[in-house]
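Comments concern the structure below.
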Amino acid sequence: MNIVVAIKHIPSIADDLPVSGKNVDFDSVDFVLNEWDEHSIEQAVLIKEAVGGTVTVVGVDLIGELDNVLHLALAKGADKVVKITADDPAADSHMQAKWLAEAIKGMGANMVFAGVQASNDLDGQIGPMIAAYLDMPYIGGVSSVEANGDSATVNKEFAGGAGAKYSVSMPFVAGVQAAPKPPRYAPVSKVRQMAQTATIETVSPSGDASAGLAFKNMAPPVATGHAEMIEGSSKEVAAKIVELLKSKGLA
Amino acid sequence: MSNDILVITEHMDGKFSDVSFEMVGKARELASALGGQAVAVVIGSGVDANVFASDSTLHIDDAALSGFNPEAYAKIVEALVKEKSPKAVLFGWTVTGMDVAAWLSAKTGAPCAAYAKDIRVDGGGFVVSCQVYGGKLMAEVAPEGDMAVIACLAGSFPVEAGQGSTAATATASPVDAGSLKVKFVEAIKPAGGDVDITAQAKLVSIGRGIGGKENVELAEELAQALGATVSASRPVVDAGWLPRTRQVGKSGLKVKPKLYLMLGISGAPEHLEGMKSAELIIAINTDKKAPIFNVAHYGATADLFEVAEAMLELL
Amino acid sequence: MLTPVEKIIFILAAIASVGFTFHGFKTIIDSIRKGRPAPELKNIPGSLLKAGIAVLFQQTIFKARKLLSAIHMGLFFGLITYAFVNLTDALEGLIPGFDLVYGGKHLPYENVPTGLINTFNLIADVMSGFLLIAITVFFVRRFITKDKALTFRDNVLLNPKVKAGGQNRDSLVVDVFVVMHVGARLMSQAFRLTEGADPFMPIASFLNGIFGASEVGVHVAWWISLGWVMFIIPYLSRSKHTHFFMSPVNLGLAKQNPRGQLDPAVPLKMIEGTRFDPGAKHVHDLAWTRVLDAYACVQCNRCQDVCPANFYQRPLSPSALEVNKRYLLKEATFGGHPEKLELPLTETVISPEAVWSCTTCYACVRVCPVGNEPMADIVDIRRRMLVDGYEIDSGVQNALQSLATNGNWMSKGKRLRGKWAKEMEFPVKDATAEPVDHLWFVGDTASFDERVIPITKMVARIFNAAGLDFGILYKEESNAGNDVRRVGEEGLFEQLVEQNMAAFGKSQFQRIVTTDPHSFNTLKNEYPQFGSEWEVKHYTVTLLRLIEEGKLTIKNKLSNYKVTFHDPCYLGRYNGGFTAPRKLLELCGVEFVEMPRNCENSFCCGAGGGQIWMGKVAPGERPAENRIKEALTTFGEGAGDKTQLFIVTCPKDMIMYSDAVKTTGNEGKIEVRDIVQLIAEAVGVEEPKVAEPVAA
Ligand SMILES: Cc1cc2nc3c(=O)[nH]c(=O)nc-3n(C[C@H](O)[C@H](O)[C@H](O)COP(=O)(O)OP(=O)(O)OC[C@H]3O[C@@H](n4cnc5c(N)ncnc54)[C@H](O)[C@@H]3O)c2cc1C
Ligand code: SF4
Ligand code: SF4
């Protein structure tokens, strides 16, 4: 089984996000691996462990710091890692998806995994776009993948604990919501060992696509930090809450 | 090229989700500003499609599509877009809409704006407010070109504005279900046992302010009236007033419901860890300095018993 | 006395006994030597001598169970005396006419030291009686009253032989030996008294009064007495009572580096051709000194008594760990099942759940009378589990992941670390940008936890009021790694050390002060191995110095408070920081009462060793809750109109105990406060009415 995992390096939302002009001030944020990508890597490694094969992790290097992430992926069980050197922290999902699709094209992937979403997917997620560029079907919200021959059984999650089982013929792209098991922990000693021994294949971006969005403004949402207080007697408070819930379709 | 707005609605078990109505309502507003039509698109069978306040409703009624199929939906919408050349296609930024919106964008070359909280018309085009970076930033973007794909966060617009009774026109699916690579096999129902609070859309969560086991019933009643489930902070569980499966927090479960109504919970960091990404947090606490008010979206300094009883009367 | 035939039999038996004993100890030593190299021990003869003296005076056992320890001491002296007694008995058998009764008047020598012989006879006689009583006490304790302290919780992993009562059998054999041996010896002396009572042998004389003298009796009793010795000595090497011989050795070879310094995950001493994986999977992955622990273990369960995890009904018992190790080694050697050594320790010695229940509080190591380190084994097992990809608790994993990316365990961005300082009414220096005297290493909890930040700010205010030249590292500070190391993530620990050392390198300062005992411990005891040369102080020491130097003046005596103090493990037991906090309390003028478990014997709050990160929390009374109850019992009724305070000096304690006060329903009765809050009140430093943040 040949599994390719496409990952996204994104600004960490653990910190406050400073804005410069009409976008994030990329110079003063830390970049981290998108949290759902951890699940797609785990899902890929689980399949490899179950049926054999290779896992290739590929991502766009936006700020020259992707190596750490790729070493981590190797420590978690990836066999091969590839970085697309872009050096453009503002590269949007469309661009990244295009470059990734071009890089993945020649890899002979049976399955391509991506995180179901990322917090900076302003112009959509890379998973469905890679599918569109590679002309493969896409299925997102995936909570488990089992490979059987040239098709896979894929579980997709809906709201409220419901879900559905699909049979998908390969090759396809899946947006992973959660791996069946929590992503494994890679001990730092192993990551460091990878950093010393592993090689990262480097490719240049090829292809061109764009989000087609003109940025008008970017700012922290107004009025965060404190609840909007509902005043009045208990009865009035109750009435206002019920009204609020009704307006949001929650009561 | 038209000024129409297509709304890709979504439904499960014969019921449309709220976001479908929200989008139809918004689409009407946008379409009338642009001089086009709001077209609700219903894909799949086993659902009454005559429930929208749209200008028209298109029902692609195919028994082969009774379960959601991302590939089929994508191809159908692609065909519709070719046929209708709309000004915008609205999706919900939901487990189903998310599968199609960005795909359509990449396939057609139309821009996509996701995590949309608001859309307005501006000089013949749109300006979309998107809640990105986990809600830490709001981005305002203007999609360029003839058509925009916009994926809307649930709860962004009022539901009522989209509710109506426009008669749907049924059409056949332009896609041959047999040629699909993705096949729907079966639905998976939620697991049995005690309720899984992580899978609930609405939670009424009680803390030590509830005072005793005998008062849990009041919370249960309120939850029932709201169609919600009762969850709790750790002291409530430690005291044995509710089972451990209901505990939210660091040493309990992490939840992300649409509604988290908190009664008598102070908002310790260990509790916040489990619920801070809930979409709507409302906190009732007698202590106006309770730290939960720094996190909740709405709060009230009030007695939880009085508020709960008053709410029960209104529901 | 003995006939020639008897003599031949005796000599042959003695040779066999020596042979078996030699084989026994050789087997044990071989299995100990298979352990990994241990950290270098200095001056071994010296420390062996010191240990010998400690054993002679039984110093180490008095750390707990005072009465039983006294009886043990008697037993010990009794058995030492008996070594001489057995020698003279053997001579009595082998040398014709060698007879010490009646002051040795029948001895075929001239100038017999009658006084000496009488003294010896008296001691031997009385000691025999005492031994019989002492052994009865231990027998009753184990078999009749079945002291709970000698049993294990049902959820603790035990070697099947231990479960089946193997320890009891060993004890029974030794009890019977002592009774038979001592009893027979007394009888053999009684039968010798052909001339009636000997005033220097009161017990033997008493027995002689009942049974009379008998030549045959002498022979039979002699053989029973010495025959048992020849059997028991080789038996001991194979039983739990090897501790007779091994515990003094173990004490002599006990840990020499500071308590707060863990041994490295891989031995520093390289052996050519051997590649060591970090930590321990099998018993011989442990350092040889810790294989020896198993043989030295008295199986007294003193360590289990003080273990907070065991208290919290977790499946962890440090003594079970040593006992299981011992039985495993025994099965592999004397039992002829070397293949058992291939089984992982987590199946044979300690359950994985137990491994992850340890708070690394050091209480077990501290209390152990023979210098064992069960905690070190647990950390080594964790180390290997992590490297082997064992699925760890989700909370611990989240914490580690966040530590690797953010440098803190709370999933906060690096830049938010100094946020509290930017909110202060005076500028807090950035030590990476300007030189300072004191570098304040703040720690994660104190930097990020909303509940602790007010205390952090108060420390800053007091430092500022005292004119202390201090600064912090802002975003350059990373978690010090104390608990990371104790969770077993050695690689991450090293990464954090490197990050902090780099930050130190960028800064100019004279000394380090910490508010967090965990950071304090590793900075003080472990960072020097990575090149840190700075003096490290806990803030309690710094505060005391500021007061003593007159930089801070106590203006208000706080006689309205009745307080008790909790010694945090990593300040107290690990680093001996007992006096500064107590002196501070005294200076504040509060009424101070000491809890029963204080100083060295303080009870862990349950948060250490990564426990505070655990995603799953077990039911049952938590250690912190037990501690709050202890404080309230200590206060007793009627503090009058005084407010009762539980004083802490560790940010984690603030969280654990505030929580426990709530969960035990004791709000209003007792309040948890950091010592700095008292100091602030006493020196009159207050929170500003409206904090005017200054731009950084
Ligand atoms: C290691 C660790 C792990 C933990 N894990 C968790 C966890 O997973 N989940 C969790 O929840 N906690 C956890 N805690 C406990 C946490 O720190 C808090 O103690 C706990 O969340 C407090 O619960 P609470 O808000 O219900 O109680 P409290 O903090 O006592 O708050 C009760 C609130 O009710 C209000 N109140 C009282 N009466 C009324 C009334 N009539 N009407 C309205 N309001 C009223 C009070 O003003 C108060 O704010 C953990 C703690 C530790 C140390
Ligand atoms: S260090 Fe503390 S918690 Fe761990 S085994 Fe020893 S006594 Fe128990
Ligand atoms: S390890 Fe030490 S304290 Fe524990 S049972 Fe053995 S001898 Fe006693």
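Put the Cα centre of segment C:317-389 next to the Cα centre of segment B:239-315 and the gap is 44 Å. Centre-to-centre, using Cα atoms only, segment C:635-686 and segment A:97-168 are separated by 54 Å. Partner lysines whose Cα lies under 22 Å from the Cα of A:Lys48, excluding those fewer than 8 positions away in the same chain, are identified as A:Lys8, A:Lys76, A:Lys80, A:Lys83, A:Lys105, A:Lys156, A:Lys165, A:Lys181, A:Lys190.
Which Cα, out of C:Ile144, C:Pro688, C:Leu122, lies furthest along the positive dipole direction of chain C (beta carbon charges, K/R +1, D/E -1)? Of the listed residues, the answer is C:Ile144. Positive-end ranking of A:His226, C:Val590, B:Leu90 along the dipole of the protein assembly as shown, with charges on Cβ about the Cα centre, is headed by C:Val590.
Within the listed set A:Glu228, A:Glu65, A:Glu157, the Gaussian network model of chain A (springs between alpha-carbon atoms below 10 Å) gives the highest mean-square fluctuation for A:Glu228. Given in Å, the Rg to one decimal and the Dmax to the nearest whole number for the Cα atoms of the protein assembly as shown are 37.6, 136. Between C:Val513 and C:Leu439, C:Trp440, C:Phe441, C:Lys537, the built amide H atoms are under 5 Å apart, and every one of these is 5 or more places off in sequence or on another chain.
The alpha carbons of segment C:561-683 occupy a box of 41, 32, 25 Å along the principal axes, longest dimension given first.
Per-residue Karplus couplings for segment C:525-531, computed as 6.51 cos²θ - 1.76 cosθ + 1.60 with θ equal to phi - 60°, are listed in order as 9, 10, 4, x, 5, 10, x Hz, Gly and Pro entered as x.
Averaging over all projection directions, the Cα-based convex hull of segment C:64-236 occupies 12.1 nm² in the image plane.
Exposure proxy ranking for B:Leu312, B:Leu137, C:Leu543, based on other Cβ atoms within 10 angstrom of each Cβ and starting from the fewest, stands as B:Leu312, B:Leu137, C:Leu543. With bins 10 Å wide beginning at 0, the percent of Cα pairs of segment B:71-225 falling in each bin runs 8, 25, 29, 22, 11, 5, 0.
If you take the alpha carbon atoms of segment B:197-314 and fit the smallest convex hull around them, that volume is 86 Å³ per residue. With the alpha-carbon atoms of chain C aligned to their principal axes, the span from lowest to highest coordinate is 101, 63, 47 Å, starting with the largest. Put in order of Cβ neighbour count within 10 Å, fewest first, the listed residues C:Ile224, C:Ile472 become C:Ile224, C:Ile472. Here's how it looks for B:Val7: its modeled amide H is under 5 Å from those of B:Val39, B:Ala40, B:Val41, B:Leu90, which are all 5 or more places away or on a different chain. Across every pair of non-identical alpha carbons in segment A:2-203, the mean reciprocal distance, once inverted, gives a Kirkwood radius of 16.9 Å. Counted by Cβ distance under 10 Å from C:Thr360, the other residues give a net charge of +2, where Lys and Arg count +1 and Asp and Glu count -1.
Net charge in the neighbourhood of C:Gly620 (other residues with Cβ under 11 Å of its Cβ; Lys, Arg +1, Asp, Glu -1) is -1. GNM, chain B, Cα, under 10 Å: largest mean-square fluctuation among B:Pro86, B:Pro158, B:Pro235? The residue that fluctuates most here is B:Pro235. Remark on C:Gly413: its backbone amide H falls under 5 Å from those of A:Asp15, a criterion applied only to residues 5 or more positions apart or on other chains, H modelled at 1.01 Å from N.
With the gyration tensor restricted to C-alpha atoms of segment C:190-284, the semi-axes of the equivalent ellipsoid amount to 55, 17, 9 Å, longest first.
Semi-axes, largest first, in whole Å: what does sqrt of 5 times each Cα gyration tensor eigenvalue give for segment C:81-129?
Values: eigenvalues 63, 38, 11 Å².
Each semi-axis is √(5λ); the values are 18, 14, 7 Å.
Per-residue 3J(HN,Hα) values for segment A:166-173, derived from phi via the Karplus relation 6.51 cos²θ - 1.76 cosθ + 1.60 with θ = phi - 60°, read 10, 10, 10, 8, 7, x, 8, 10 Hz in sequence order (x marks Gly and Pro).
For segment C:16-37 and segment C:576-624, compute the distance between their C-alpha centroids and round to whole Å. So the two Cα centres are separated by 43 Å. Against chain C, whose longest principal axis is taken from its Cα atoms, helix C:318-332 shows a tilt of about 50°. A Gaussian network model of chain A, with springs between Cα atoms under 10 Å, assigns the largest mean-square fluctuation among A:Val81, A:Val237, A:Val32 to A:Val237.
Here the 3J(HN,Hα) profile of segment B:298-310, calculated from phi with Karplus coefficients 6.51, -1.76 and 1.60 at θ = phi - 60°, is 10, x, 8, 8, 7, 7, 5, 5, 5, 5, 4, 5, 5 Hz, Gly and Pro shown as x. Going from the fewest other Cβ atoms within 10 Å to the most, the residues A:Tyr166, C:Tyr561 appear in the order C:Tyr561, A:Tyr166. Charges were assigned to the Cβ only: +1 to each Lys and Arg, -1 to each Asp and Glu. The resulting dipole of the protein assembly as shown about its Cα centre is roughly 3500 debye.
Neighbours of C:Glu477, meaning other residues whose beta-carbon lies under 13 angstrom from its beta-carbon, give a summed charge of +3 when Lys and Arg score +1 and Asp and Glu score -1. Taking only the C-alpha atoms of segment B:1-132, the Rg (one decimal) and the largest Cα-Cα distance, Dmax (whole number), read 13.7, 42 Å.
Computed from the C-alpha gyration tensor, the three semi-axes of the ellipsoid equivalent to segment C:327-426 are 40, 18, 8 Å, from longest to shortest. Directionally averaged projected area (chain B, Cα convex hull): 17.7 nm².
Read-outs throughout are calculated quantities, based only on the coordinates presented, and are distinct from any laboratory measurement. What you see is a predicted model; the values in this text were computed from it and never measured. A quick note on method: Cβ atoms are made from the backbone with ideal geometry, for glycine too, and the neighbour counts reach across all protein chains shown.
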